[in-house]
Amino acid sequence: MKHLEDFFRLRFLSLKGFCAVLVLAVVFSTLSCSKDDDEPVSNPISYQEENPLDKYHEMAGFTATTNFINSGNYEFGLVFSPNVKGKIKAVTIKLPDANPNVRITIWDYSTKTVVRSEMIDVSAANTLITKTIQELAVEKDKKYMITMNSNDWYKRSKPDNSNAVYPVTAGNIRFWEYRWGNGTTQTFPVNVSLDYNGGDLSFVFQQTD
């Protein structure tokens with residue numbers, strides 16, 4: 001009989017140990033689930049879109065405006081670099097006269113090659129026209145240039161016609177210079193002027209990182 005009692009005692013101890021292990025496993029599993037549930041879910045950051053042109057004019061001191069209409073064709077625009085990695089989502093233009101076929105070009109400044117070319121119908125004078133484009137990724141600190149070819153533009157300058165001090169920072173965009181060239185061909189402009197900006201030509205930028 002003593003052997004039988006020992007057998008049942010061992011069975012009881014084994015069952016008790018198994019139950020203890022089972023309880024610990026359930027507790028551990030519950031705590032692990034609770035910990036996972038409590039961990040915050042990280043959402044991707046959505047950065048605000050920005051059009052830097054108005055801020056550029058303000059920071060450059062270009063508060064005086066003169067309208068030029070049918071004044072000969074030029075390829076002209078601004079050299080810029082993003083201060084952060086991002087993308088260009090749209091181009092914008094405003095002219096003192098209507099023009100159904102304005103060519104806008106985005107250039108790689110260092111290689112002087114065309115990165116993107118768009119045609120815009122400026123259907124009404126003195127009206128901001130925005131054209132959404134296929135998103136163009138742009139690199140941090142890399143120089144680009146955006147130009148248009150037109151015979152109409154606003155001349156933005158200082159009241160005393162003095163030079164702006166470059167670079168000019170407007171939000172996440174840094175402007176380095178204004179360039180222009182004669183003619184209707186899609187040619188990288190070589191002339192630089194510091195005392196005015198011919199436009200209004202710009203873009204919609206959004207930071208990605």
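The values are calculated or read from the model by the stated rules, or taken from the named source; none is laboratory data. Not measured: the values here are computed from a predicted model. We place every Cβ from the backbone using ideal geometry, glycine too, and count neighbours over all the protein chains shown. The protein model used for the area step is the full one, side chains on, heavy atoms only, and it has no ligands, DNA or RNA in it. Shrake-Rupley method; radii C 1.70, N 1.55, O 1.52, S 1.80 Å.
Quick notes
- Yes/no for residue 119 being within 18 Å of residue 75 (Cα to Cα), open to solvent by 70 Å² or more (accessible area, probe 1.4 Å) and in contact with a strand residue (DSSP E or B) (Cβ under 9 Å, 6 or more places away or on another chain): yes
- The residues listed here are 190, 114; of these, the one that is of a type in the set (A, V, I, L, M, F, W, C) and open to solvent by less than 80 Å² (accessible area, probe 1.4 Å) is 114.
- Picking from residues in region 88-111 that are open to solvent by 40 Å² or more (accessible area, probe 1.4 Å) and not charged (D, E, K, R), the one that is farthest from residue 54 (Cα to Cα) is 111.
- Residue that is surrounded by the fewest Cβ atoms within 10 Å (Cβ to Cβ), among those in region 18-77 that are of a type in the set (Phe, Trp, Tyr) and at pLDDT 95 or above: 68
- Residues (open to solvent by 40 Å² or more (accessible area, probe 1.4 Å), closer than 24 Å to residue 151 by Cβ and in a loop (DSSP other than H, G, I, E, B)) located in region 164-187: 184, 185, 186, 187
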